[in-house]
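Colleague: Below is the structure I would like to discuss, written out as structure tokens.
Here, each number is a calculation from the coordinates, and none is a lab measurement. Quick caveat, the model's predicted, so the values are computed rather than measured. Note that each Cβ is placed from the backbone with ideal geometry, even for glycine, and that neighbours are counted across all protein chains shown.
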Ligand code: ITT
């Protein structure tokens with residue numbers, strides 16, 4: 001069931017991700033809104049299998065599973081790195097390209113090898129954030145940032161495919177940018193801005209005088 005509901009100031013929210021890089025970024029983006037956050041890992045919630053075909057389906061599936069298990073509102077993120085020369089792959093399979101060891105050097109090399117010889121350098125990140133409630137109501141918001149592929153990968157900041165992505169208008173990869181710089185306008189920040197407008201407490205009421 002889709003529906004917009006706003007979290008009350010001081011409410012508790014489960015961050016339904018087992019990815020530490022995402023957890024760090026989502027926590028930083030949610031932090032100004034005066035919400036108490038707890039991670040799926042801290043609650044010992046299981047990691048559901050991502051059986052849907054698109055980002056929105058998987059985000060909703062993860063959020064709903066955690067909301068029901070924890071009996072608290074839950075926020076999930078399904079995201080991925082999409083490469084034009086690979087017809088949008090790895091896309092929803094971005095985590096799986098890193099294999100069971102979650103080795104993103106392997107995943108980035110695989111992207112590089114598969115696009116070898118194709119001149120098209122365009123790539124983009126997509127993030128869908130889904131907020132679900134224990135009664136099954138959920139709402140999802142999508143953010144996207146376009147850019148180009150960098151090779152070899154550069155930078156040790158961020159996570160996942162960050163070292164091989166240069167957003168349009170920037171000279172550095174996400175892997176070279178300080179977190180605040182990435183957060184200023186990332187796919188995740190864009191999705192969060194929409195979610196905040198509809199579903200998070202009004203920031204004005206939380207500003208110290
Ligand atoms: P959860 O499902 O527990 O949240 P996950 O890593 O399995 O964790 P996804 O299925 O959404 O998450 O996989 C998305 C992958 O895309 C993720 O593992 C990252 O490597 C990559 N990714 C997503 N956002 C990224 C970002 O901002 N920078 C770099 N890589 C990113």
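Colleague: Just grab the label-to-label distance for residue 51 and residue 113, each label 7 Å out from Cα along the Cβ direction, in nm (one decimal).
Modeller: Going by the 7 Å Cα→Cβ label model, 3.2 nm.
Colleague: What FRET efficiency comes out for the pair residue 105/residue 204, r = Cβ-Cβ distance, R0 = 41 Å, nearest 0.05?
Modeller: 0.40
Colleague: To the nearest 10 degrees, how steep is helix 20-30 against the longest Cα principal axis of the chain, on a 0 to 90 scale?
Modeller: The angle comes out at about 50 degrees.
Colleague: What angle do you read, to the nearest 10 degrees and between 0 and 90, between the alpha-carbon axis of helix 104-114 and the longest principal axis of the chain?
Modeller: 50
Colleague: Relative contact order for segment 1-77 using alpha-carbon pairs under 8 Å, separation at least 6, rounded to a whole percent?
Modeller: 38
Colleague: At 0.36 nm per residue, and after removing the present C-alpha to C-alpha distance, how many nm does the segment from residue 2 to residue 87 gain when stretched out fully? Present the calculation step by step, with values, prior to reporting the outcome.
Modeller: On the way: separation 85, 0.36 × 85 = 30.60 nm, distance 2.99 nm.
Length gained, residue 2 through residue 87: 27.6 nm.
Colleague: Compute the helix-to-body angle for 55-70: its Cα long axis versus the longest principal axis of the chain, expressed 0 to 90° and rounded to tens.
Modeller: 40
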